[in-house]
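Structure record follows, encoded as structure tokens.
The values are calculated or read from the model by the stated rules, or taken from the named source; none is laboratory data. All values derive from a computational prediction rather than experimental measurement. Here the Cβ positions follow ideal geometry from the backbone for every residue, glycine too, while neighbour counts run over all protein chains shown. What goes into the accessible areas is simple: the full protein's heavy atoms, side chains included, and nothing from ligands, DNA or RNA. Shrake-Rupley method; radii C 1.70, N 1.55, O 1.52, S 1.80 Å.
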Amino acid sequence: RIAIAHRDGFGERGQDEISRFLVSELWSRLRNPDLVHHAEIPVFAPGGSGEWIDGVIDLLCVWDGSGRTAVIDWKTNRRAKGESDSALLERLEATYGGQLRAYGSALVRSRGTTSPELHNYSSAAGETVTIEVVGSVL
């Protein structure tokens, strides 16, 4: 994929993002042998204020046998000029928090999950931000 990215003019960015990912805390967690990974799960779920969210869960992790789940939403948003990692992560949380809460609500309804973990992973920062569930996800 890096060769294709180089050919298309995105090689340096692709290599940087892969390098950050391979040393990230998320990569370490994803390698847990008790995890079952599901990619690209379509979701159509009610949002928090009457709207509907139509999207795709990038990665759903289920801990084998426990029913514990985590949603990882992969964000490739670029950093604004002069934006720090923490400011970028805060912006992603503010922008996409409602979307992830709707995904969590869909998991509660469809899987019976009681409290799914919700995370944005920023490929620009190489870090995750946890989206806090305010009250009930339902």
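A few remarks follow.
- Residue in segment 14-36 that is out of contact with any helix residue (DSSP H, G or I) (no Cβ under 7 Å at 6 or more places or on another chain), part of a strand (DSSP E or B) and in contact (Cβ under 8 Å) with a residue 12 or more places away in the chain present: yes
- Residues located in segment 27-56, provided they are in contact with a Phe, Trp or Tyr (Cβ under 7 Å, 6 or more places away or on another chain) and over 22 Å from residue 98 (Cβ atoms): 27, 34, 35
- Any hit, segment 78-87, residues being in contact (Cβ under 8 Å) with a residue 12 or more places away in the chain, surrounded by 14 or more Cβ atoms within 10 Å (Cβ to Cβ) and over 17 Å from residue 20 (Cβ atoms): no
- Criterion (in contact (Cβ under 8 Å) with a residue 12 or more places away in the chain, open to solvent by less than 60 Å² (accessible area, probe 1.4 Å), out of contact with any helix residue (DSSP H, G or I) (no Cβ under 9 Å at 6 or more places or on another chain) and hydrophobic (A, V, I, L, M, F, W, C)) met by exactly one of 102, 124: 102
- Screening residue 94 with (1) free of Cβ contacts under 8 Å to residues at least 40 places away in the same chain; (2) loosely packed, with under 15 Cβ neighbours inside 10 Å; (3) touching a helix residue (DSSP H, G or I) at 6+ places or on another chain (Cβ under 8 Å) gives one miss only, at (3).
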